[in-house]
1. Evaluate segment 244-259: report whether one residue or more is surrounded by fewer than 16 Cβ atoms within 10 Å (Cβ to Cβ) and part of a strand (DSSP E or B).
2. Which residues, taken from segment 105-134, are within 33 Å of the chain's Cα centre (by Cα), more than 15 Å from Asn93 (Cβ to Cβ) and open to solvent by less than 40 Å² (accessible area, probe 1.4 Å)?
3. Within segment 146-185, can you find the residues that are outside any helix (DSSP H, G or I), in contact with a Lys or Arg (Cβ under 9 Å, 6 or more places away or on another chain), closer than 20 Å to Val307 by Cβ and open to solvent by 40 Å² or more (accessible area, probe 1.4 Å)?
4. Would you mind stating whether Thr231 is polar (S, T, N, Q) and within 19 Å of Val268 (Cβ to Cβ)?
5. Note down all Cβ pairs under 6 Å where the first residue falls in segment 254-277 and is touching a residue at least 60 places away in the same chain (Cβ under 8 Å), the second is assigned to a helix (DSSP H, G or I) and surrounded by 19 or more Cβ atoms within 10 Å (Cβ to Cβ), and they're at least six residues apart or on different chains.
6. In segment 97-140, which residues are touching a strand residue (DSSP E or B) at 6+ places or on another chain (Cβ under 9 Å), of a type in the set (S, T, N, Q) and in a loop (DSSP other than H, G, I, E, B)?
7. So if I check each of Gly306, Gly281, which one is open to solvent by less than 60 Å² (accessible area, probe 1.4 Å), under 25 Å from Pro179 (Cβ atoms) and either touching a Ser or Thr at 6+ places or on another chain (Cβ under 8 Å) or part of a loop (DSSP other than H, G, I, E, B) (or both)?
8. Can you name every residue in segment 186-230 that is part of a helix (DSSP H, G or I), out of contact with any strand residue (DSSP E or B) (no Cβ under 7 Å at 6 or more places or on another chain) and farther than 20 Å from Ala304 by Cβ?
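The values are calculated or read from the model by the stated rules, or taken from the named source; none is laboratory data. Worth saying up front: this structure is predicted, and the values here are computed from it rather than measured. So basically every Cβ, Gly included, is an ideal-geometry build from the backbone, and we count neighbours across all protein chains shown. For the accessible areas, the whole protein counts, side chains as well, though only heavy atoms, and no ligand, DNA or RNA atoms are used. Shrake-Rupley method; radii C 1.70, N 1.55, O 1.52, S 1.80 Å.
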Amino acid sequence: MAGNSQRRNRRTSNKKGMQVGSGGQRRRSLEGKGPTPPASARKGHAKQRVAAAKAKQAARRPAPRRGGPKGTNELVVGRNPVVEALREGVPANTLYVQQFIDNDERVREALQLAADRGGIALMEAPKPELDRMTNGLNHQGLVLQVPPYDYAHPEDLAAAAFDAGEDPLIVALDGVTDPRNLGAVVRSVSAFGGHGVVVPERRAAGMTAGAWKTSAGTAARTPVARATNLTRALEAYQKAGMTVVGLAADGEVELQDLEALDGPVVIVVGSEGKGLSRLVGETCDLRVRIPMPGGAESLNAGVAAGVVLYETARRRA
(Lines give C-alpha, C1' and ligand atoms only; values in the text may rest on other atoms or scores of the structure.)
Protein backbone atom coordinates (compact mmCIF):
# COMPACT_ATOMS: atom_id res chain seq x y z
CA MET A 1 0.00 0.00 0.00
CA ALA A 2 2.83 2.39 0.86
CA GLY A 3 4.50 1.64 -2.48
CA ASN A 4 1.35 2.38 -4.37
CA SER A 5 0.95 5.69 -2.54
CA GLN A 6 4.50 6.69 -3.40
CA ARG A 7 3.93 5.83 -7.09
CA ARG A 8 0.75 7.99 -7.15
CA ASN A 9 2.62 10.88 -5.51
CA ARG A 10 5.42 10.60 -8.05
CA ARG A 11 2.92 10.67 -10.92
CA THR A 12 1.17 13.67 -9.41
CA SER A 13 4.38 15.55 -8.80
CA ASN A 14 5.41 15.03 -12.44
CA LYS A 15 2.31 16.93 -13.74
CA LYS A 16 3.00 20.38 -15.11
CA GLY A 17 1.42 23.35 -13.41
CA MET A 18 -0.71 26.10 -15.03
CA GLN A 19 1.03 27.94 -17.83
CA VAL A 20 0.37 31.33 -19.37
CA GLY A 21 -0.97 30.84 -22.93
CA SER A 22 -2.02 32.98 -25.86
CA GLY A 23 -5.70 32.79 -24.98
CA GLY A 24 -6.49 31.43 -28.43
CA GLN A 25 -5.24 34.56 -30.16
CA ARG A 26 -2.81 32.65 -32.37
CA ARG A 27 -5.54 30.23 -33.37
CA ARG A 28 -7.97 33.03 -34.18
CA SER A 29 -5.34 34.83 -36.20
CA LEU A 30 -5.22 31.86 -38.53
CA GLU A 31 -8.98 31.84 -39.10
CA GLY A 32 -10.61 33.67 -42.04
CA LYS A 33 -12.43 36.96 -41.44
CA GLY A 34 -15.48 36.08 -43.56
CA PRO A 35 -16.60 37.42 -46.93
CA THR A 36 -15.78 40.95 -47.98
CA PRO A 37 -18.70 43.23 -47.07
CA PRO A 38 -20.57 44.90 -49.94
CA ALA A 39 -19.46 48.33 -51.09
CA SER A 40 -22.50 49.97 -49.48
CA ALA A 41 -21.32 48.69 -46.07
CA ARG A 42 -17.65 49.69 -46.38
CA LYS A 43 -16.80 52.86 -44.54
CA GLY A 44 -15.57 55.62 -46.83
CA HIS A 45 -16.73 53.92 -50.03
CA ALA A 46 -18.80 56.06 -52.43
CA LYS A 47 -21.70 53.58 -52.40
CA GLN A 48 -21.68 53.63 -48.61
CA ARG A 49 -22.08 57.40 -48.64
CA VAL A 50 -25.00 57.12 -51.07
CA ALA A 51 -26.69 54.48 -48.88
CA ALA A 52 -26.22 56.66 -45.81
CA ALA A 53 -27.77 59.63 -47.58
CA LYS A 54 -30.80 57.56 -48.62
CA ALA A 55 -31.21 56.29 -45.07
CA LYS A 56 -31.10 59.85 -43.73
CA GLN A 57 -33.72 60.93 -46.26
CA ALA A 58 -35.98 58.02 -45.30
CA ALA A 59 -35.58 58.91 -41.62
CA ARG A 60 -36.85 62.42 -42.33
CA ARG A 61 -40.07 61.05 -43.84
CA PRO A 62 -42.91 60.73 -41.34
CA ALA A 63 -43.73 57.21 -40.22
CA PRO A 64 -46.87 55.88 -41.94
CA ARG A 65 -50.06 55.99 -39.89
CA ARG A 66 -52.09 52.98 -40.82
CA GLY A 67 -55.83 53.34 -41.22
CA GLY A 68 -58.05 56.35 -41.76
CA PRO A 69 -61.51 57.47 -40.68
CA LYS A 70 -64.11 54.77 -41.09
CA GLY A 71 -67.10 55.06 -43.38
CA THR A 72 -70.66 53.96 -42.65
CA ASN A 73 -72.92 51.20 -43.90
CA GLU A 74 -74.74 51.98 -47.12
CA LEU A 75 -77.94 50.47 -48.50
CA VAL A 76 -78.52 49.89 -52.21
CA VAL A 77 -82.28 49.92 -52.71
CA GLY A 78 -84.39 48.58 -55.57
CA ARG A 79 -84.22 45.61 -57.92
CA ASN A 80 -82.24 47.17 -60.78
CA PRO A 81 -79.70 48.98 -58.54
CA VAL A 82 -79.13 45.84 -56.48
CA VAL A 83 -78.56 43.67 -59.56
CA GLU A 84 -76.19 46.26 -61.11
CA ALA A 85 -74.21 46.56 -57.88
CA LEU A 86 -73.80 42.79 -57.65
CA ARG A 87 -72.78 42.59 -61.31
CA GLU A 88 -70.08 45.25 -60.83
CA GLY A 89 -68.59 43.53 -57.79
CA VAL A 90 -69.58 46.19 -55.26
CA PRO A 91 -68.64 44.83 -51.80
CA ALA A 92 -71.67 43.62 -49.88
CA ASN A 93 -72.29 41.63 -46.74
CA THR A 94 -76.09 41.11 -46.68
CA LEU A 95 -78.88 40.84 -49.25
CA TYR A 96 -82.32 41.42 -47.72
CA VAL A 97 -85.22 39.85 -49.59
CA GLN A 98 -88.83 40.63 -48.79
CA GLN A 99 -91.03 37.76 -47.64
CA PHE A 100 -93.47 36.46 -50.28
CA ILE A 101 -91.79 38.60 -52.96
CA ASP A 102 -92.84 38.27 -56.60
CA ASN A 103 -90.01 36.16 -57.98
CA ASP A 104 -89.20 37.86 -61.29
CA GLU A 105 -86.02 37.64 -63.38
CA ARG A 106 -84.19 40.41 -61.48
CA VAL A 107 -84.85 38.82 -58.11
CA ARG A 108 -83.59 35.46 -59.36
CA GLU A 109 -80.47 37.06 -60.82
CA ALA A 110 -79.74 38.93 -57.58
CA LEU A 111 -80.05 35.74 -55.56
CA GLN A 112 -77.84 33.83 -58.02
CA LEU A 113 -75.15 36.54 -58.09
CA ALA A 114 -75.06 36.71 -54.28
CA ALA A 115 -74.81 32.93 -54.01
CA ASP A 116 -72.08 32.69 -56.67
CA ARG A 117 -69.94 35.34 -55.04
CA GLY A 118 -70.09 33.87 -51.54
CA GLY A 119 -69.71 35.77 -48.30
CA ILE A 120 -73.07 37.54 -48.70
CA ALA A 121 -75.71 36.58 -46.16
CA LEU A 122 -79.27 36.13 -47.48
CA MET A 123 -81.87 37.46 -45.07
CA GLU A 124 -85.64 37.25 -45.50
CA ALA A 125 -87.51 40.14 -43.92
CA PRO A 126 -91.12 41.36 -43.85
CA LYS A 127 -92.02 44.44 -45.89
CA PRO A 128 -92.49 46.71 -42.80
CA GLU A 129 -88.94 45.91 -41.69
CA LEU A 130 -87.52 46.80 -45.11
CA ASP A 131 -89.61 49.98 -45.12
CA ARG A 132 -88.08 50.94 -41.78
CA MET A 133 -84.53 50.14 -42.92
CA THR A 134 -84.86 52.27 -46.07
CA ASN A 135 -86.85 55.13 -44.53
CA GLY A 136 -89.79 54.36 -46.77
CA LEU A 137 -87.94 54.25 -50.09
CA ASN A 138 -89.33 52.10 -52.91
CA HIS A 139 -87.08 49.09 -52.31
CA GLN A 140 -89.18 46.69 -54.45
CA GLY A 141 -88.36 43.91 -52.03
CA LEU A 142 -84.56 43.96 -52.47
CA VAL A 143 -82.03 45.76 -50.26
CA LEU A 144 -78.26 45.24 -50.44
CA GLN A 145 -76.09 46.27 -47.50
CA VAL A 146 -72.66 47.61 -48.44
CA PRO A 147 -70.12 47.58 -45.56
CA PRO A 148 -68.14 50.70 -44.57
CA TYR A 149 -65.22 51.38 -46.89
CA ASP A 150 -61.86 50.84 -45.21
CA TYR A 151 -60.12 54.14 -46.00
CA ALA A 152 -56.36 54.40 -45.90
CA HIS A 153 -54.49 57.23 -44.19
CA PRO A 154 -53.03 59.77 -46.67
CA GLU A 155 -49.49 58.98 -45.50
CA ASP A 156 -50.02 55.29 -46.32
CA LEU A 157 -50.12 56.06 -50.04
CA ALA A 158 -46.75 57.82 -50.15
CA ALA A 159 -45.15 55.30 -47.76
CA ALA A 160 -46.19 52.37 -49.96
CA ALA A 161 -44.67 54.02 -53.04
CA PHE A 162 -41.41 54.91 -51.29
CA ASP A 163 -41.15 51.39 -49.85
CA ALA A 164 -41.50 50.00 -53.38
CA GLY A 165 -38.69 52.27 -54.59
CA GLU A 166 -41.08 54.32 -56.75
CA ASP A 167 -41.86 58.02 -57.00
CA PRO A 168 -45.36 58.52 -55.55
CA LEU A 169 -48.11 59.55 -57.94
CA ILE A 170 -51.21 60.56 -55.98
CA VAL A 171 -54.40 62.38 -56.93
CA ALA A 172 -56.17 64.56 -54.34
CA LEU A 173 -59.74 65.74 -54.92
CA ASP A 174 -60.81 69.13 -53.57
CA GLY A 175 -64.56 69.65 -53.35
CA VAL A 176 -65.55 66.86 -55.75
CA THR A 177 -68.98 65.72 -54.59
CA ASP A 178 -70.11 63.36 -57.36
CA PRO A 179 -69.28 59.72 -56.50
CA ARG A 180 -69.12 58.91 -60.21
CA ASN A 181 -66.28 61.41 -60.64
CA LEU A 182 -64.45 59.79 -57.73
CA GLY A 183 -64.92 56.36 -59.29
CA ALA A 184 -63.63 57.63 -62.64
CA VAL A 185 -60.52 59.10 -60.98
CA VAL A 186 -59.85 55.83 -59.14
CA ARG A 187 -60.11 54.01 -62.47
CA SER A 188 -57.63 56.41 -64.14
CA VAL A 189 -55.18 56.21 -61.25
CA SER A 190 -55.22 52.43 -61.53
CA ALA A 191 -54.82 52.51 -65.33
CA PHE A 192 -51.80 54.84 -65.31
CA GLY A 193 -49.84 53.39 -62.39
CA GLY A 194 -50.81 55.83 -59.64
CA HIS A 195 -50.59 55.01 -55.96
CA GLY A 196 -53.97 56.19 -54.69
CA VAL A 197 -56.55 58.92 -54.27
CA VAL A 198 -57.10 61.31 -51.35
CA VAL A 199 -60.50 62.83 -50.55
CA PRO A 200 -61.54 65.19 -47.73
CA GLU A 201 -63.61 63.76 -44.92
CA ARG A 202 -66.32 66.44 -45.23
CA ARG A 203 -68.19 67.99 -48.17
CA ALA A 204 -66.77 65.49 -50.64
CA ALA A 205 -67.72 62.25 -52.37
CA GLY A 206 -66.82 59.04 -50.61
CA MET A 207 -66.50 55.43 -51.73
CA THR A 208 -70.19 54.70 -52.12
CA ALA A 209 -71.72 51.96 -54.22
CA GLY A 210 -71.93 54.46 -57.09
CA ALA A 211 -68.21 55.18 -56.90
CA TRP A 212 -67.46 51.45 -56.79
CA LYS A 213 -69.52 50.84 -59.92
CA THR A 214 -67.88 53.68 -61.88
CA SER A 215 -64.42 52.44 -60.89
CA ALA A 216 -65.22 49.18 -62.74
CA GLY A 217 -63.65 47.08 -60.00
CA THR A 218 -60.36 48.99 -59.82
CA ALA A 219 -61.29 50.28 -56.35
CA ALA A 220 -60.42 46.82 -55.07
CA ARG A 221 -56.71 47.42 -55.81
CA THR A 222 -56.35 51.22 -55.74
CA PRO A 223 -56.48 52.65 -52.20
CA VAL A 224 -58.55 55.70 -51.35
CA ALA A 225 -57.49 57.74 -48.32
CA ARG A 226 -59.66 60.16 -46.38
CA ALA A 227 -58.10 63.31 -44.90
CA THR A 228 -59.66 65.15 -42.00
CA ASN A 229 -57.96 68.31 -43.33
CA LEU A 230 -56.86 68.27 -46.98
CA THR A 231 -54.55 71.29 -46.64
CA ARG A 232 -52.61 69.67 -43.81
CA ALA A 233 -52.40 66.40 -45.74
CA LEU A 234 -50.87 68.27 -48.69
CA GLU A 235 -48.39 70.02 -46.40
CA ALA A 236 -47.36 66.62 -45.00
CA TYR A 237 -46.73 65.40 -48.54
CA GLN A 238 -44.55 68.46 -49.19
CA LYS A 239 -42.51 67.73 -46.07
CA ALA A 240 -42.00 64.17 -47.38
CA GLY A 241 -40.36 65.60 -50.51
CA MET A 242 -43.32 65.62 -52.88
CA THR A 243 -44.41 68.42 -55.23
CA VAL A 244 -48.06 69.43 -54.95
CA VAL A 245 -49.51 70.50 -58.31
CA GLY A 246 -52.97 72.03 -58.60
CA LEU A 247 -55.02 72.00 -61.79
CA ALA A 248 -56.41 75.45 -62.63
CA ALA A 249 -57.68 77.09 -65.81
CA ASP A 250 -55.48 80.13 -65.08
CA GLY A 251 -52.42 78.13 -63.99
CA GLU A 252 -49.00 79.66 -64.63
CA VAL A 253 -47.55 76.48 -66.21
CA GLU A 254 -48.87 74.46 -69.13
CA LEU A 255 -49.08 70.71 -68.70
CA GLN A 256 -46.45 69.89 -71.35
CA ASP A 257 -43.93 72.17 -69.59
CA LEU A 258 -44.45 70.70 -66.10
CA GLU A 259 -41.17 69.04 -65.08
CA ALA A 260 -42.51 68.04 -61.64
CA LEU A 261 -44.34 65.08 -63.18
CA ASP A 262 -41.01 63.25 -63.47
CA GLY A 263 -40.64 63.02 -59.67
CA PRO A 264 -42.82 62.40 -56.60
CA VAL A 265 -45.98 64.40 -57.17
CA VAL A 266 -49.49 65.00 -55.88
CA ILE A 267 -52.03 66.20 -58.47
CA VAL A 268 -54.87 68.22 -56.94
CA VAL A 269 -58.14 68.40 -58.87
CA GLY A 270 -60.89 70.82 -57.87
CA SER A 271 -64.61 70.77 -58.54
CA GLU A 272 -65.88 71.51 -62.02
CA GLY A 273 -67.75 74.62 -60.93
CA LYS A 274 -65.52 76.25 -58.31
CA GLY A 275 -62.13 74.76 -59.02
CA LEU A 276 -59.58 74.69 -56.20
CA SER A 277 -60.54 76.19 -52.85
CA ARG A 278 -58.50 79.19 -51.70
CA LEU A 279 -56.44 77.44 -49.01
CA VAL A 280 -55.71 74.42 -51.16
CA GLY A 281 -54.73 76.64 -54.09
CA GLU A 282 -52.33 78.61 -51.88
CA THR A 283 -50.78 75.39 -50.58
CA CYS A 284 -49.93 74.07 -54.05
CA ASP A 285 -46.31 74.48 -55.16
CA LEU A 286 -47.43 74.99 -58.76
CA ARG A 287 -50.67 75.52 -60.62
CA VAL A 288 -50.90 73.95 -64.05
CA ARG A 289 -53.38 74.42 -66.87
CA ILE A 290 -54.42 71.91 -69.51
CA PRO A 291 -54.41 73.45 -73.01
CA MET A 292 -57.87 73.17 -74.60
CA PRO A 293 -57.77 74.37 -78.22
CA GLY A 294 -61.46 73.58 -78.60
CA GLY A 295 -62.39 76.42 -76.29
CA ALA A 296 -64.07 74.48 -73.47
CA GLU A 297 -63.97 76.35 -70.18
CA SER A 298 -63.24 73.35 -68.00
CA LEU A 299 -63.13 69.57 -67.76
CA ASN A 300 -64.80 67.47 -65.12
CA ALA A 301 -62.60 65.98 -62.44
CA GLY A 302 -62.44 62.51 -63.93
CA VAL A 303 -61.38 63.70 -67.38
CA ALA A 304 -58.88 66.29 -66.07
CA ALA A 305 -57.22 63.75 -63.81
CA GLY A 306 -57.04 61.23 -66.65
CA VAL A 307 -55.27 63.71 -68.95
CA VAL A 308 -52.58 64.57 -66.38
CA LEU A 309 -52.12 60.94 -65.33
CA TYR A 310 -51.61 59.90 -68.94
CA GLU A 311 -48.97 62.60 -69.44
CA THR A 312 -47.22 61.52 -66.24
CA ALA A 313 -47.22 57.85 -67.24
CA ARG A 314 -45.90 58.73 -70.71
CA ARG A 315 -42.93 60.58 -69.24
CA ARG A 316 -42.12 57.89 -66.72
CA ALA A 317 -42.31 55.03 -69.24
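1. Yes: segment 244-259 contains one or more residues that are surrounded by fewer than 16 Cβ atoms within 10 Å (Cβ to Cβ) and part of a strand (DSSP E or B).
2. Thr134
3. Correct list: Asp167 only.
4. Yes, satisfied.
5. Val266/Tyr237; Ile267/Val308; Val269/Ala301; Val269/Ala304; Val269/Ala305
6. Correct list: Gln99, Thr134, Asn138, Gln140.
7. From the options Gly306, Gly281, the qualifying one is Gly306.
8. Selection gives Trp212, Lys213, Ala220.
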